[in-house]
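Everything on this sheet refers to the single structure shown next.
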Amino acid sequence: MSKKLPLLFIGLCFAMASFAQKIQSPSEFLGYELGTQFTYQHRVAEYFKYVATLSKNVKLVQYGTTNEGRPLMAMFIASDANIGRLEEIRKNNLSLAGLGDNATAAINLNTPVIVWLSYNVHGNEPSSIEAAMQTLFDMVDPANNRTKAWLANTIVVIDPCLNPDGHERYVNFYNSMKGAAPDPNPSAREHIEPWPGGRVNHYYFDLNRDWAWQTQKETQARVGLYNSWLPQVHVDFHEQGYNDPYYFAPAAEPFHKDITKWQKEFQTTIGKNNAKYFDQNGWLYFTKEEFDLLYPSYGDTYPIYNGSIGMTYEQGGIGAGLAITTRMGDVLTLKDRIAHHHSNSLSTIETASANAAKAVEEFKKYFDNSRTNPTGEYRGYVIKNDNDYRMQALTRLLRKNGIQYRLGVKSTATGYSYFKGKTEQFDIDSRDITISAYQPKSVLLNVLLEPKTFVADSNTYDITAWSLPYAYGLRAYGLKEAVKQGAGQQIVDVTLAPPPAQTTPHAYAYVAPWQSVNDVKFLSELLKKNLKVRYAEAPFEAAGKQFGAGSLIITRAGNVDAKFDDSVRGAANEIGVEITPLTTGFVDKGVDLGSGSIHFIHPPKVMLVSGEGVNSEAMGEIWHFFEQQIGYPVTLVNYKNLNHAKLGDFDEIIFPDGNYDDFPSDKLQGWVKDGGKLIVLQDAVAQLAGKKGFDIKRKDADTVKDKPSVKLYGDRVRDFIKTTVPGAIYKMTLDNTHPLGFGYPDYYYTLKLSEDVYSLLGDGGWNVGTVKKDGYVAGFVGAKSKNKIKDGLLLGVQSMGRGSVVYIVDDPLFRSFWENGKLMFGNAVFMVQ
């Protein structure tokens, strides 16, 4: 046998092995050219899994699932030398931030820069999920020497779809609407999404507003993974209106004052590199406009406040389908949109790689400064434990965000009182929490807790006030010096849960507090167990304890089940509520348990109006509240079907914020008079204003009408801002003797998103929540709007026949992070008669 044959055979084997390991491009794998159709999320997942089986330079992580069961995944891409060291690199990176498990571990500054690319957080902005596949291919393609060089000092993380449920909602819509070929006419039905659209997740939450609050399942999983790595660079890929050119960093004002010089400068460095490729291709773009860096729960600001270079990239394309004609007469295609996002994906990685050492050095410097010289006005904070559950909720949020705090400190301090608006001396109790600003997450801590956020430019993209003590209804103090911790216990993961519920054989009744949404959840559980529950109209004392108005009373009378005690105790233990057994209905102070002032809570059958005309996010907050937070059944009815619904099947109808055509006020009025309860919120209140039979009326502003004048066209945006309220905090005076105010002090901090204020209700109405002329607390309010928000109604209840109408002018459930409003909404549902 010739010696050449074995050599030929060996060479052939190598060639076959090389061919077998060739990684297909997305177009080759999917069987169609990328951009000629939308790719379903499960096919994207299959492509990522396919690459993970063939490439030795990747690690695919499934970090969670959506509400509809779809996988959430991230692909980690690294060089041959680094792919096996991912965990070592991750731990070292956390050590750079002062967050490593081992405080004495050696820190290696010669470490890869980490670039995290997040795609498709809004489901109906679908070009980026397609670009994610092409970017992945380019990063793992063995023949691509350009990207291979970047990986020598860079770890790239690709999350292809942050919102799979919303993405599938959009793609299913589009594919069912399009014809044999895409129709670029903007009026074509394929460009007009039906309600609620694909932007939001299953519960209609905007996941790009949820990074800090982490109220949604997807966000909780994603931010948990993100915080376990803390990349140096993060990009959030979006789309905007299809007539707009591409936007990339640097961002617009206002910048939060704690954003560092390096973070601003490196945004510009990356932006210039992006611009280089756009210039080469003749693609239009803009920077430094519209998209600011203030609100802390975006996909750019949250990473920034965690030491990263956080950026938003916006491609024109919402509603564009596969092709659309823009106002310029050009046809914008999905291929174009993919190309733009793909270009900036690679450009960002390239820039980070070229500046890797500097990026890592500045990252460490950011966290070093946080621990030794924190930014912000205050060096410490004290949160008073006025409410166990709300304190638990707040500390859970702090832990999710890696913010350290302590319990067990007893001391006296001087600090700025959030609720009084002045500096005073106060006592620190062992159940209060103290927070030092000298910690790695100092910047995020300051941004979330500062009483008033400085707004350099009032032309902002989102709300301008969110301070957690107001959102959670907990008294707080800002301290110029950090609290001396003494024997205080640093908290890693602990709650303030009540002790296990105890029952007394043959107890006459059990009493539970009414102070938080957790108590609403407990009531829901009792009602689902078919237990009869009552509430106290006024405070009383029994068994040596004081009980506030609204306290739940579960008497043996009327609850004849032999397992009554076990049912009550089981519900209390499951929910985490402290119950007090009473051996008699004869109380120490106040009315006895058989009094007419003790009211039966009828388990309401609740309708929530949804569909066209309804603000989907506002409706989603309420839906999520019922299903995920208190576990109480609610029926969703589309507004267009309301006239066909049998209203008599429901005890309550809730109208969220919305713009309702032909509001059926007459029909609803008859239903209310027959004993129904109508709950209207935000613009739904406005739709009843002035309607016959409804007492709610808009309040006339105490302003002098502007006389016609010559105005500069260039000032039109600034003139408009004078009449806007982009999220500001106001203090409301509250009648806490009314069921709508049960469980609260005589005030409440509301987040105003509009200048709406109404006249006080007359006879037959209760003005439960009012705002005075000195009610402003924090956030930007236009000068003209500020003059309107005073001396008017924000919460009211009107009696109507045997029923009632509840008017809620602001949003008590805003993005589900306004924790203190949840009890109020529970009052509206269960307490108001």
Checking residue 751 against (1) over 30 Å from residue 674 (Cα atoms); (2) modelled with pLDDT under 95, only one condition comes out false. Which one? (2)
Criterion violated by residue 700 - all others in (1) assigned to a loop (DSSP other than H, G, I, E, B); (2) touching an Asp or Glu at 6+ places or on another chain (Cβ under 8 Å); (3) of a type in the set (Asp, Glu) satisfied: (2)
Hits in region 280-305 - residues which are aromatic (Phe, Trp, Tyr) and within 14 Å of the chain's Cα centre (by Cα): 295, 298, 302
Out of the residues in region 318-350 meeting the condition of being open to solvent by 10 Å² or more (accessible area, probe 1.4 Å) and among the polar types (S, T, N, Q), tell me which one is farthest from residue 444 (Cα to Cα). 325
Check on residue 155, buried (at least 22 other Cβ atoms within 10 Å of the Cβ), touching a residue at least 12 places away in the same chain (Cβ under 8 Å) and part of a strand (DSSP E or B): yes
Can you name the residue in region 391-423 that is under 21 Å from residue 743 (Cβ atoms) and open to solvent by less than 20 Å² (accessible area, probe 1.4 Å) and is also farthest from the chain's Cα centre (by Cα) among such residues? 418
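Every residue, every condition in (1) touching a His at 6+ places or on another chain (Cβ under 9 Å); (2) open to solvent by 20 Å² or more (accessible area, probe 1.4 Å); (3) among the aliphatic types (A, V, I, L, M); (4) more than 22 Å from residue 294 (Cα to Cα), yes or no:
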{"residue": "182", "(1), (2), (3), (4)": "no, yes, no, yes"}
{"residue": "188", "(1), (2), (3), (4)": "no, no, yes, yes"}
{"residue": "216", "(1), (2), (3), (4)": "yes, no, no, no"}
{"residue": "223", "(1), (2), (3), (4)": "no, no, yes, no"}
{"residue": "226", "(1), (2), (3), (4)": "yes, no, no, no"}
{"residue": "229", "(1), (2), (3), (4)": "no, no, no, yes"}
Selection count, region 667-688, where residues are closer than 20 Å to residue 651 by Cβ and in contact (Cβ under 8 Å) with a residue 24 or more places away in the chain: 15
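Can you work out which of the residues in region 34-49 that are among the hydroxyl-bearing types (Ser, Thr, Tyr) and touching a helix residue (DSSP H, G or I) at 6+ places or on another chain (Cβ under 7 Å) is nearest to residue 324 (Cα to Cα)? Walk me through how you get there before you give the answer.
We begin by selecting, within region 34-49, every residue among the hydroxyl-bearing types (Ser, Thr, Tyr); these are 36, 39-40, 47.
Now narrow it down to the ones that are touching a helix residue (DSSP H, G or I) at 6+ places or on another chain (Cβ under 7 Å): 39-40, 47.
On the way: 39: 18, 40: 21, 47: 28 Å.
Here the residue is 39.
With the condition kept exactly as written, say whether any residue in region 273-281 is open to solvent by less than 20 Å² (accessible area, probe 1.4 Å), touching a strand residue (DSSP E or B) at 6+ places or on another chain (Cβ under 8 Å) and in a strand (DSSP E or B). Spell out how you get there, then give the answer.
Going through region 273-281, the residues open to solvent by less than 20 Å² (accessible area, probe 1.4 Å) turn out to be 274-275, 278.
Filter again for touching a strand residue (DSSP E or B) at 6+ places or on another chain (Cβ under 8 Å), leaving 274-275, 278.
Then keep just the ones that are in a strand (DSSP E or B); that gives none.
Among the residues of region 273-281, not one is open to solvent by less than 20 Å² (accessible area, probe 1.4 Å), touching a strand residue (DSSP E or B) at 6+ places or on another chain (Cβ under 8 Å) and in a strand (DSSP E or B), which makes the answer no.
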Only unsatisfied item for residue 98, checking (1) assigned to a helix (DSSP H, G or I); (2) farther than 23 Å from residue 342 by Cβ, is (1)
Return only the number of the condition from (1) open to solvent by less than 30 Å² (accessible area, probe 1.4 Å); (2) part of a loop (DSSP other than H, G, I, E, B); (3) among the hydrophobic types (A, V, I, L, M, F, W, C) that residue 760 does not satisfy. (1)
Hey, any hits in region 810-819 for a residue that's part of a strand (DSSP E or B), hydrophobic (A, V, I, L, M, F, W, C) and open to solvent by less than 10 Å² (accessible area, probe 1.4 Å)? no
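Which one is most open to solvent (accessible area, probe 1.4 Å), of the residues in region 533-551 that are touching a Phe, Trp or Tyr at 6+ places or on another chain (Cβ under 6 Å) and either on the phi < 0 side of the Ramachandran plot or of a type in the set (Phe, Trp, Tyr) (or both)? Even if it seems obvious, please write down each step before you answer.
Here is the first cut: in region 533-551, the residues touching a Phe, Trp or Tyr at 6+ places or on another chain (Cβ under 6 Å) are 534, 540, 547, 549-551.
So of that shortlist, the ones also either on the phi < 0 side of the Ramachandran plot or of a type in the set (Phe, Trp, Tyr) (or both) come out as 534, 540, 547, 549, 551.
Details: 534: 61, 540: 8, 547: 21, 549: 18, 551: 4 Å².
My answer is 534.
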So which residues in region 574-591 are open to solvent by less than 80 Å² (accessible area, probe 1.4 Å) and over 12 Å from residue 509 (Cα atoms)? 575, 576, 577, 590, 591
Looking at (1) over 14 Å from residue 684 (Cβ atoms); (2) crowded, with 21+ Cβ neighbours inside 10 Å, which is the one condition that is false for residue 783? (2)
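Only one of 69, 123 is in a loop (DSSP other than H, G, I, E, B) and either of a type in the set (Lys, Arg) or open to solvent by 20 Å² or more (accessible area, probe 1.4 Å) (or both). Can you tell me which? Even if it seems obvious, please write down each step before you answer.
On the way: 123 fails: either of a type in the set (Lys, Arg) or open to solvent by 20 Å² or more (accessible area, probe 1.4 Å) (or both).
Result of the check over 69, 123: 69.
Residue by residue, here is whether (1) of a type outside the set (Gly, Ala, Ser); (2) over 24 Å from residue 318 (Cβ atoms); (3) assigned to a helix (DSSP H, G or I); (4) open to solvent by 50 Å² or more (accessible area, probe 1.4 Å) holds:
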{"residue": "132", "(1), (2), (3), (4)": "no, no, yes, no"}
{"residue": "146", "(1), (2), (3), (4)": "yes, yes, yes, yes"}
{"residue": "179", "(1), (2), (3), (4)": "no, no, no, no"}
{"residue": "185", "(1), (2), (3), (4)": "yes, no, no, yes"}
{"residue": "200", "(1), (2), (3), (4)": "yes, no, no, no"}
{"residue": "205", "(1), (2), (3), (4)": "yes, no, no, no"}
If residue 38 passes every condition in (1) more than 26 Å from the chain's Cα centre (by Cα); (2) among the aromatic types (Phe, Trp, Tyr); (3) open to solvent by 30 Å² or more (accessible area, probe 1.4 Å) but one, which one does it miss? (3)
Quick one: what pairs do we get from region 400-428, first residue assigned to a loop (DSSP other than H, G, I, E, B), second of a type in the set (Gly, Ala, Ser) and crowded, with 17+ Cβ neighbours inside 10 Å, C-beta under 8 Å, 6+ apart or different chains? 401/212; 404/436; 408/488; 409/488; 418/467; 418/476; 418/478; 419/476
Given the conditions (1) within 29 Å of residue 826 (Cβ to Cβ); (2) modelled with pLDDT of 95 or more; (3) open to solvent by 10 Å² or more (accessible area, probe 1.4 Å), and given that residue 494 satisfies all but one, which numbered condition is not satisfied? (2)
Go through (1) closer than 30 Å to residue 199 by Cα; (2) over 27 Å from the mean Cα position of the chain (by Cα); (3) of a type in the set (S, T, N, Q) for residue 315 and report which single condition fails. (2)
Going by the structure shown, is residue 264 assigned to a loop (DSSP other than H, G, I, E, B) and among the basic types (Lys, Arg)? no
Look at region 352-383 and say how many of its residues are touching a helix residue (DSSP H, G or I) at 6+ places or on another chain (Cβ under 9 Å), farther than 30 Å from residue 435 by Cβ, part of a helix (DSSP H, G or I) and open to solvent by 10 Å² or more (accessible area, probe 1.4 Å). 3
I'd like to check something: does region 15-24 contain any residue that is at pLDDT below 95, assigned to a helix (DSSP H, G or I) and within 22 Å of residue 78 (Cα to Cα)? yes
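The values are calculated or read from the model by the stated rules, or taken from the named source; none is laboratory data. Predicted model only: the values in this text are computed from it and were never measured. Neighbour counts run over all protein chains shown; Cβ positions are idealised from the backbone, glycine included. Heads up: the accessible areas ignore ligands, DNA and RNA and are worked out on the full protein's heavy atoms, side chains in. Shrake-Rupley method; radii C 1.70, N 1.55, O 1.52, S 1.80 Å.
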